[in-house]
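Notes follow once the structure below has been shown.
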Amino acid sequence: MLVGVVGKANVGKSTFFKAATLMDVEIANYPFATIKPNHGVGFIRVPCVDAELGVQCDPRTGFCRNHQRFVPIDMIDVAGLVPGAHEGKGMGLEFLNDLNQADCLIHVIDVSGGTSDKGEPVPPGTRDPAEDVRFLEDELDYWYLGILKKPWERFSKMVTQTHEDVAKALHRQFSGLGATEEMVVSLLKATGLAETRLSDWSDSRLFAFAKALRMKTKPMIVAANKIDVPGAAGNLARLQETFPDTVFVGCSSESELALKEADKHGLVSYLPGDGAFEVKGQPNEKQEKALAFIRGEVLGKQGSTGVQETLNRAVLDVLGYIAVWPGGVSKLADKDGNILPDVFMLKGGATALDFAYRVHTDIGKGFIRGIDVRSKRTVGKEHVLKHRDIIEIVSSK
């Protein structure tokens, strides 16, 4: 799974990425501070199953604090986009192509309206953030359209002459963007193009299909950054009314980054996603003022900084993943004595057999049955798993 962080320049995109990953990336108040994509590891926060089992887990990857399991996910931060990116402006095509493998996108916007369309600082309230939401959607839609149109004449002629199935041909064309054949079939029906010959596809039909495919292969959540700036909360409320089908999360990336750095250096005790923190060290006057602002203006008003919530909602809600633990009814430790060392993120609808293959191919091949560790109930290979299940796999391998 790869989560892409996108947006125009100077909206706090790299700050969001650093707050999510604690990667050492360049953060600057000007366009194109990021040129090459940054890769890092973020974490999904899931209530750990160890607490209800009366044990303390020993994660192999990620970490667990206060019985909250933080499961690693891959993230990529691409350079800020400018209007006309799909035409190559501002190295736009290079930046968009960096997103090819992303499973979903976090679109970071300046919800205070303090960044121009070119990524330049302007007084808060100057820019309507709704335009930024539309801007990125348009750039992505036209990017997909360009991928489809470039070989269209040759492509449609070949499909017509060979009588190849249209869905199979389109799947081949877009497989690099994460499209499946089943997805293409569904979108052809949804756009009314299933019974239309490729030679009869007009530009508007091409665009409708490209947009539908973009929405399916690159689902998006909007991180409404700089929520702590006066006027930003009102803008967020208007955005939620204007785009009722879009998931928005109010964020203060700077606050999240400050709290994580303070926790890292022992100044505070802070768990990502919490609505409070505890001061542990002796902050100086400047630090005290910053922490008081975060406590009152961010956590007190928003309930959290929003960064962890954005990651969780991107993976658990937008992508529909679930966390499943492998475990034994009578033994929760592995051969080295590590308790519940692993947890796997699976697509919603995954079965016990899918899980067995995810744990190890040989275990999947030798699948005999699964056992729900909580209920001790035997489950078959077609049993659909739920979020936070603990499953023992009995295998002949």
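The values are calculated or read from the model by the stated rules, or taken from the named source; none is laboratory data. Predicted model only: the values in this text are computed from it and were never measured. Counting neighbours? That spans all protein chains shown, and the Cβs are built from the backbone with ideal geometry, glycine included.
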Positions within segment 8-55 being assigned to a loop (DSSP other than H, G, I, E, B), of a type in the set (Gly, Ala, Ser) and at pLDDT below 90, in sequence order: Ala9, Ala28, Ala33
In segment 112-168, residue modelled with the lowest pLDDT [restricted to those that are farther than 24 Å from Arg214 by Cα and among the β-branched types (Val, Ile, Thr)]: Thr160
Subset of segment 56-86 that is under 27 Å from Glu120 (Cβ atoms) and small (Gly, Ala, Ser) - its residue that is modelled with the lowest pLDDT: Ala85
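To keep it simple, each residue is scored yes or no on (1) in the same structural domain as Ala20 (by TED's automatic domain parsing); (2) of a type in the set (Gly, Ala, Ser).
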site	(1), (2)
Leu257	yes, no
Glu261	yes, no
Gly296	yes, yes
Leu299	yes, no
Val329	no, no
Failed item in (1) under 22 Å from Ile109 (Cα atoms); (2) in contact (Cβ under 8 Å) with a residue 24 or more places away in the chain, with Lys264 passing the rest: (1)
One residue from Ala167, Ala212 being farther than 30 Å from Val111 by Cβ, of a type in the set (A, V, I, L, M, F, W, C) and either in a helix (DSSP H, G or I) or touching a Cys at 6+ places or on another chain (Cβ under 6 Å) (or both): Ala167
Residues that are in contact with a helix residue (DSSP H, G or I) (Cβ under 7 Å, 6 or more places away or on another chain) and assigned to a strand (DSSP E or B), drawn from segment 215-231: Ile221, Val222, Ala223, Ala224, Asn225
Count - residues of segment 123-137 that are outside any helix (DSSP H, G or I) and exposed (fewer than 15 other Cβ atoms within 10 Å of the Cβ): 3
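Would you check if Arg238 is part of a helix (DSSP H, G or I) and modelled with pLDDT of 90 or more?
In short, yes.
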Residue identified as in a loop (DSSP other than H, G, I, E, B), surrounded by fewer than 17 Cβ atoms within 10 Å (Cβ to Cβ) and of a type outside the set (Gly, Ala, Ser) among Glu182, Glu195: Glu195
Of all residues making up segment 241-270, the number that are in a loop (DSSP other than H, G, I, E, B), crowded, with 17+ Cβ neighbours inside 10 Å and under 24 Å from the mean Cα position of the chain (by Cα): 3
